[in-house]
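The values are calculated or read from the model by the stated rules, or taken from the named source; none is laboratory data. Remember, predicted model here, so these are calculated numbers, not experimental data. Note: ideal-geometry Cβ built from the backbone for every residue, glycine included; neighbour counts use all protein chains shown.
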Amino acid sequence: MTIAECRLCGTGLTETFVDLGMSPLCESYLPAERLDSAETFYPLHVRICSRCLLVQLPAYVPGEDIFSDYAYFSSYSDSWVAHAKRYADTMTESLGLGPGSLVTEVASNDGYLLQHFVARGIPVLGVEPAANIAEVARAKGIRTETEFLGAETGATLAARYGRADLVAGNNVYAHVPDLIGFTAGLAALVKPTGLVTLEFPHLLRLIERRQYDTIYHEHYQYLSLLTAQRALATAGLAVADVEELSSHGGSLRVHARPATLPVGAPVAGTEPGRSETVGVDPTGPSLGWEPSSNVKSVLEAEAEAGLHTLDGHRGFSEAVFTIKRNLLDFLLTARAEGKRVVGYGAPGKGNTLLNHCGIRSDLLAYTVDRSPYKQGKFLPGTHIPIHQPERLAQDRPDYVLVLPWNLRTEISAQLAYVREWGGRLVYPIPELEVV
Ligand SMILES: [Zn+2]
């Protein structure tokens with residue numbers, strides 16, 4: 001067997017972070033006519049690099065196979081759209097953006113974020129690899145290019161549209177198998193005086209809150225601030241600030257700026273080349289500015305939790321298997337008592353959980369989802385049917401297993417009516433809870 005190599009530093013990946021067995025692509029919702037066909041399952045074995053500590057899923061599936069026709073439409077989540085508006089307000093004010101500025105978003109989805117800049121008269125450029133989703137954005141009047149970002153596409157887009165004052169990447173930095181090429185693309189898109197912000201789930205929270213269902217083939221890496229810093233440094237980007245956000249169960253929003261050295265120049269004390277980037281000190285004196293105190297405190301919290309050593313990452317596997325056993329216990333008991341359990345939501349993370357636990361429609365009759373794209377289809381692997389949310393009020397199930405637990409506040413409010421017939425909500429993570 002060939003050992004996969006770390007995509008950041010090239011070291012052979014011999015250490016396991018967690019092995020979730022085999023799973024189909026979590027966004028491959030099946031139409032009824034495909035239920036009798038074979039389905040491809042891929043390993044979901046997450047590794048950790050013993051040298052640079054990047055927690056990563058080897059690219060068992062190429063990004064093009066996943067993102068060219070992606071089902072996730074950001075605008076179907078109310079709280080996510082509100083989150084995007086707050087971001088647009090804050091950045092417009094703090095950077096003084098106006099009609100002469102450019103905001104570029106990578107993985108701009110259906111324009112859920114850029115629409116808020118357009119409304120303020122600020123020029124935008126969306127870069128979205130999924131053609132079907134880019135089309136939705138264009139129909140809303142949001143200038144969008146259908147591209148995967150890499151070093152070359154970054155340079156081409158910058159030549160065509162200019163470099164941006166602000167380059168945003170929300171929930172994309174964890175999703176790119178070519179981490180080094182993508183980072184070079186970010187560096188090409190931003191002005192020397194500009195800002196890059198990246199939001200991604202924080203590995204620290206994933207471990208603390210046992211969010212193992214956020215592991216799926218679309219997520220190629222699980223970043224700490226330390227490993228994000230190391231990745232950004234490969235293209236001469238340095239972390240200036242970081243915010244801790246509650247989205248997706250606990251995310252970081254990293255603010256990075258081009259270091260004072262020209263992009264691609266060797267950083268002091270290192271040789272050019274990917275295997276030497278690990279030793280780069282992104283807070284070194286060559287920056288010409290100081291990172292904020294937030295950067296220091298997040299790094300300290302990570303170090304305290306053990307994330308800056310290999311040993312600190314052990315123990316997560318056992319926590320994951322406890323969640324699996326508890327959920328199965330609950331479902332089997334409910335079944336034995338003649339109770340009916342159905343699901344709420346059909347997020348990608350639900351598919352990791354259900355496949356890992358081996359749950360099928362005998363234990364979870366169906367789930368419901370607000371996205372018309374998913375309704376009438378079936379969950380990959382488990383073949384659990386997806387209905388419209390109205391089905392809950394008609395069927396009055398005893399328990400509703402909430403799969404998108406990261407939207408707990410929003411969903412608890414949306415599902416308050418389940419109590420009218422004595423139904424209860426079940427949250428499987430971080431530990432089984434029936435409310
Ligand atoms: Zn590495």
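The table below gives the values:
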read-out: Subset of segment 1-31 that is assigned to a strand (DSSP E or B) and within 16 Å of the ligand (Cβ to nearest atom) - its residue that is farthest from Ile384 (Cα to Cα); value: Gly12
read-out: Matching residues in segment 37-63 - criterion: being assigned to a strand (DSSP E or B) and either away from the ligand (no atom under 16 Å from the Cβ) or exposed (fewer than 15 other Cβ atoms within 10 Å of the Cβ) (or both); value: Tyr42, Pro43, Leu44, His45
read-out: Filter result for Leu363 (of a type outside the set (Gly, Ala, Ser) and modelled with pLDDT of 95 or more); value: yes
read-out: One residue from Ala168, Ala188 being surrounded by 24 or more Cβ atoms within 10 Å (Cβ to Cβ) and touching a residue at least 60 places away in the same chain (Cβ under 8 Å); value: Ala168
read-out: Unique match (being in a loop (DSSP other than H, G, I, E, B), touching a residue at least 12 places away in the same chain (Cβ under 8 Å), of a type outside the set (D, E, K, R) and surrounded by 20 or more Cβ atoms within 10 Å (Cβ to Cβ)) among Ala346, Ala365; value: Ala346
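Okay, residues lined up against (1) within 24 Å of Ala319 (Cα to Cα); (2) crowded, with 24+ Cβ neighbours inside 10 Å:
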site	(1), (2)
Gly194	no, no
Leu198	no, yes
Leu223	yes, yes
Ala238	no, yes
Glu243	no, no
Ser246	yes, no
